[in-house]
Amino acid sequence: MYIRHQGDAIDALAQILDLPERRQQIVQCTIKIMLCLDAEPRAFLSDCQALLLSGGLDALRRKRQESLHSQETVPILILDPEGDRLFEAVASGLDALRLTDVVRQVFPDVRHERWVIGRGLLTQETEIQAQLAAAIRARGEKDVLRCARGSVDSILASLHPAWADRAGTLRAACFDVLKGARLTEPDRLHEDTDLLFELVALSDERAEALLEAVDHHPEEAVLQVTKLYEALDAVRSLEVSAAESARSREAA
């Protein structure tokens, strides 16, 4: 009955996906999440519920907009149309990066970097959802798993960008700006550098613009990275405020 490890979670999810109605699936998944005895299977089922049962990235976007509208104050960034677009791009990017864990858990042999999987979820979410569901329903049947994994691998391989050999340049630009402008705490410098790079790498437009700036307009590169970090900080602040509001409602 209780879910103790990842294998139990995948078995439970296979049973859930066999239910005929989506509402039943969501209810049963919520129950299974509460029956998890460890954080890892609980997080996995929660992410699977978000990605496979509750509408994926678009549903998370709508939920975020509802949360944003319920706040007494909103980030200054989103009052500007360009800032609002960047805020949403960063927020959706963070959602996609988080949900890459589902792909890695279902297909542990996938060797693509997290940002490549994130690009897949942002651009071909429906196709990846279908392969994930097929693999989970397969209950270990090797031929089905191999086919589903091959399909996902092909999708991800097609998404490696032309600028991939300059990924180190993008990462270095993020590091230099974060460190030089002291935008983050020293003990978070490398973690935030990696995350900021991934957010850049999710978008060819953003990555190519930053490379152009690094090569020809260093001050513009600083501005681009700074704006991206400000958007990241705004999304994090919204998440904290939403969590605090939820706790307050539960305590009331």
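Name the residues in segment 128-166 that are farther than 15 Å from His112 by Cβ and not aliphatic (A, V, I, L, M), would you?
Matches in segment 128-166: Gln129, Arg137, Arg139, Gly140, Glu141, Lys142, Asp143, Arg146, Cys147, Trp163, Asp165, Arg166.
For segment 152-164, give me each residue that is surrounded by fewer than 16 Cβ atoms within 10 Å (Cβ to Cβ) and either over 30 Å from Ala221 (Cβ atoms) or over 18 Å from the mean Cα position of the chain (by Cα) (or both).
Once the filter is applied, which keeps residues that are surrounded by fewer than 16 Cβ atoms within 10 Å (Cβ to Cβ) and either over 30 Å from Ala221 (Cβ atoms) or over 18 Å from the mean Cα position of the chain (by Cα) (or both), segment 152-164 yields Ser154, Ala157, Ser158, Ala162, Trp163, Ala164.
Is there a residue being in contact (Cβ under 8 Å) with a residue 60 or more places away in the chain and of a type in the set (Gly, Ala, Ser) anywhere in segment 233-240?
Scanning segment 233-240, I find at least one residue that is in contact (Cβ under 8 Å) with a residue 60 or more places away in the chain and of a type in the set (Gly, Ala, Ser), so the answer is yes.
Across segment 31-45, what is the total count of residues that are in a helix (DSSP H, G or I) and surrounded by fewer than 18 Cβ atoms within 10 Å (Cβ to Cβ)?
Residues that pass the stated criteria total 6.
Residue check: is Leu178 within 27 Å of His216 (Cα to Cα), part of a helix (DSSP H, G or I) and not assigned by TED's automatic domain parsing to the domain that holds Pro108?
For Leu178, the condition - within 27 Å of His216 (Cα to Cα), part of a helix (DSSP H, G or I) and not assigned by TED's automatic domain parsing to the domain that holds Pro108 - is met.
Could you please find all residues in segment 90-145 being more than 20 Å from Asp11 (Cα to Cα) and part of a loop (DSSP other than H, G, I, E, B)?
The answer is Val110, Arg111, His112, Glu113, Gln124.
What are the residue pairs meeting all of these: first residue in segment 95-120, first residue under 15 Å from Ser151 (Cβ atoms) and in the same structural domain as Ala133 (by TED's automatic domain parsing), second residue polar (S, T, N, Q) and part of a helix (DSSP H, G or I), Cβ atoms under 7 Å, and 6 or more apart or on different chains?
Ile117/Thr100
What number of residues in segment 19-30 are surrounded by 14 or more Cβ atoms within 10 Å (Cβ to Cβ) and touching a residue at least 24 places away in the same chain (Cβ under 8 Å)?
Residues that pass the stated criteria total 3.
Here is a list: Ala167, Ala173. Which entry is surrounded by fewer than 18 Cβ atoms within 10 Å (Cβ to Cβ) and over 30 Å from Ile10 (Cβ atoms)?
After ruling out the rest, the residue left standing is Ala167.
Could you tell me which of the residues Ala234, Ala246, Ala181 is among the hydrophobic types (A, V, I, L, M, F, W, C), within 21 Å of Asp80 (Cα to Cα) and modelled with pLDDT under 95?
From the options Ala234, Ala246, Ala181, the qualifying one is Ala234.
Can you find a residue in segment 63-78 that is more than 21 Å from Glu198 (Cα to Cα), at pLDDT 95 or above and in a helix (DSSP H, G or I)?
no
I'd like to check something: does segment 9-18 contain any residue that is closer than 29 Å to Tyr229 by Cα, in contact (Cβ under 8 Å) with a residue 60 or more places away in the chain and part of a helix (DSSP H, G or I)?
Checked against the condition, which is being closer than 29 Å to Tyr229 by Cα, in contact (Cβ under 8 Å) with a residue 60 or more places away in the chain and part of a helix (DSSP H, G or I), segment 9-18 yields no hits at all.
The values are calculated or read from the model by the stated rules, or taken from the named source; none is laboratory data. As the structure is a computational prediction, the values presented were derived from the model and not from experiment. Positions of Cβ are backbone-derived with ideal geometry, glycine not excepted, and every protein chain shown enters the neighbour counts.
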